[in-house]
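Here's the structure we're looking at; comments come further down.
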Amino acid sequence: MFLREALYIPVTLVRQHASRAAVDRRKLRWINEMLAFSRVHVPYYRDDARYEHAPLRDLAELADLPVLAKPTLRERPLPDLLAEGSQDRPFRQFQTSGSTGQRVTVRHDQRTHDYHMAACFRRFAATGRYRPTDRLTHVRPYVAPTRGFEKLKLFRRHTILSHRPMAEIKAELLANRPHVLAGQPVHMREVLRALEPDEMAVLRRTLKMVLTESELLTDEHRALLVDGYGVPVFDEYSAFEILNIYFECPHGGRHVAEDRIHVEVVDDAGRPVPAGTEGRLVITPYMERAMPLIRYELGDIGVLDPKPCRCGRAFRTMRLTKGRSNDYVILPDGRRLYPDTFVWFAAIHPDIAECFVEQDAQGRVRINIVSAGTEDLQPVFDSVRAEMYRVAGGPFELDVVRAERLPLTAGGKGKFITSEYTVGA
């Protein structure tokens, strides 16, 4: 509802500049309210004695509750996870699917979704470059409904479906003359490779920034996009289950939306690790009332920064570090290699546009190289193979081959690693 969204915008802008103590007090109060609500109205939590917990005295006590794994959302009947009566009130429902193609259905009550939409304006405003009258072109796998205020030439968003032929994507992109270009890093790289110098010159006449979202943006890929598009790049992290998780400011701080969510970085046992330590991301979106998710593990790996951002915002900052926690290749000695290892190849090799990795059930690894235009990739294959043997400490079952393009998940994200190997995991 646009009116409520508009009223929420100044609230979201003010809350990011509250004191650190005020942010934590609000989170504790709202988390306790959500826990009390969930114990009464949501069957999944009501039927589990582990959630019969007294009000939390501080945020650290949240770690006494179990982690909610993503397979639970796939396997449990949806009514178990929904608040009773929520279907009679306005809500927004999404279905997301990852590399397995298995759908996860989530619902957000309308009030919470409206607050998230207001916070999206904060995401844009935090760049210091965005104006509500700017034209935004979004390359992504689905089209969002047109909003009424777009007819007033405010917050205009033009979507180009990412699965369309590149010639059509380029033509529509250039015709729209965007001030802002947004999309997942894999699509931003693909468009960048396809644009001819004269086409890039046309795009740069209006383009002010690139917004990346949803998947891991490495430092190397950020530098590639900044150099290629000639404008700053601002990263955002979100998921259908949680909505916006962090937004980036000009100082490079990726600020957690702490007026909506609480983020923990945990070890394999689900216990929080110190700030600055890498771990699994567990998130509690505490405003939710249609489908509360308490300590929900998204499946990503990241780190909370130990120091506040220089911009002065109270919200903590964090980074994704290795992408999905279950996306890795297992070396013969049992070590795991995550997507950043293979993304790095593309970053340092001018002849590599993308690469992705497959590991079969016997442990054999296949690295697929997408050429940046070079016909003879044999020297590249030899270099990649030598580097992999160096990392592994010696030869192992490995193939390096040519591929046409990076495969995408059902949700449209770049899929860097597919592994069927479990021995030693």
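Going through the stretch 35-52 one residue at a time, which ones are within 16 Å of Val67 (Cβ to Cβ) and under 29 Å from the mean Cα position of the chain (by Cα)?
Residues satisfying the conditions are Leu35, Ser38, Tyr44, Tyr45, Tyr51.
Before we move on, is Arg260 under 27 Å from Pro285 (Cβ atoms), of a type outside the set (Phe, Trp, Tyr) and within 15 Å of the chain's Cα centre (by Cα)? Lay out the reasoning, then the answer.
Values: under 27 Å from Pro285 (Cβ atoms): yes; of a type outside the set (Phe, Trp, Tyr): yes; within 15 Å of the chain's Cα centre (by Cα): no.
No; evaluated as a whole, the condition is false for this residue.
Kindly indicate whether Arg222 is open to solvent by 30 Å² or more (accessible area, probe 1.4 Å), under 26 Å from the mean Cα position of the chain (by Cα) and within 30 Å of Met318 (Cα to Cα). Walk me through how you get there before you give the answer.
Working: open to solvent by 30 Å² or more (accessible area, probe 1.4 Å): yes; under 26 Å from the mean Cα position of the chain (by Cα): yes; within 30 Å of Met318 (Cα to Cα): yes.
In short, yes.
Can you tell me which of (1) under 24 Å from Ala118 (Cα atoms); (2) surrounded by fewer than 17 Cβ atoms within 10 Å (Cβ to Cβ) is the one Asp48 doesn't meet?
(1)
Would you point out the residue of the stretch 413-425, among those that are crowded, with 16+ Cβ neighbours inside 10 Å and hydrophobic (A, V, I, L, M, F, W, C), that is modelled with the highest pLDDT?
Per the criteria, the residue is Ile417.
When residues of the stretch 359-383 are filtered for being over 28 Å from the mean Cα position of the chain (by Cα), over 23 Å from Arg336 (Cβ atoms) and modelled with pLDDT of 85 or more, how many remain? Give the derivation first.
As a first pass, look at the stretch 359-383 and keep what is over 28 Å from the mean Cα position of the chain (by Cα): 361-364, 373-383.
Add one more test, that the residue is over 23 Å from Arg336 (Cβ atoms), and what stays is 373-382.
Remaining after also requiring modelled with pLDDT of 85 or more: 375-382.
Result for the stretch 359-383: 8.
Any residue that is among the aliphatic types (A, V, I, L, M) and under 16 Å from Gly302 (Cβ atoms) - is there at least one of those in the stretch 248-259?
Of all residues in the stretch 248-259, those among the aliphatic types (A, V, I, L, M) come to 256-257.
Filter once more, keeping what is under 16 Å from Gly302 (Cβ atoms): 256-257.
Scanning the stretch 248-259 turns up at least one residue that is among the aliphatic types (A, V, I, L, M) and under 16 Å from Gly302 (Cβ atoms).
If you take the residues of the stretch 208-247 that are touching a strand residue (DSSP E or B) at 6+ places or on another chain (Cβ under 6 Å) and assigned to a helix (DSSP H, G or I), which of them is farthest from Leu195 (Cα to Cα)?
Arg222
Restricting the stretch 298-330 to residues that are under 29 Å from Phe396 (Cβ atoms) and polar (S, T, N, Q), which is modelled with the highest pLDDT?
Out of the qualifying residues, it is Thr321.
I'm trying to understand the selection: among the residues of the stretch 331-355, which are modelled with pLDDT of 70 or more, open to solvent by 50 Å² or more (accessible area, probe 1.4 Å) and under 22 Å from Glu397 (Cβ atoms)?
Within the stretch 331-355, Pro332, Asp333, Arg335, Arg336 meet the criteria.
Counting just the residues of the stretch 7-27 that are more than 25 Å from the chain's Cα centre (by Cα) and of a type in the set (A, V, I, L, M), which one comes out surrounded by the most Cβ atoms within 10 Å (Cβ to Cβ)?
Looking at the filtered set, the residue picked out is Ala18.
Tell me, which strands (runs of 3 or more DSSP E) wholly within the stretch 249-288 include 3 or more residues that are of a type in the set (A, V, I, L, M, F, W, C)? Walk me through how you get there before you give the answer.
Values: elements: 254-256, 261-266, 279-285.
Answer list for the stretch 249-288: 261-266, 279-285.
Residues in the stretch 384-412 that are modelled with pLDDT of 85 or more, open to solvent by 50 Å² or more (accessible area, probe 1.4 Å) and not in a loop (DSSP other than H, G, I, E, B): how many?
4
Counting only residues that are of a type in the set (Asp, Glu) and part of a helix (DSSP H, G or I), which one in the stretch 64-98 is least open to solvent (accessible area, probe 1.4 Å)? Before you say what the answer is, go through the steps one by one.
First pass over the stretch 64-98, keeping only residues of a type in the set (Asp, Glu): 64, 75, 80, 84, 88.
This time we only want the ones that are part of a helix (DSSP H, G or I), so: 64, 75, 80, 88.
Values: Asp64: 91, Glu75: 143, Asp80: 41, Asp88: 125 Å².
Residue satisfying both the conditions and the ranking: Asp80.
The values are calculated or read from the model by the stated rules, or taken from the named source; none is laboratory data. The shown structure was predicted, so the numbers you read here are calculated from the model rather than taken from an experiment. Cβ atoms come from the backbone with ideal geometry, glycine included; neighbour counts cover every protein chain shown. Note: accessible area is taken over every heavy atom of the protein model, side chains too, but ligands, DNA and RNA are not part of it. Shrake-Rupley method; radii C 1.70, N 1.55, O 1.52, S 1.80 Å.
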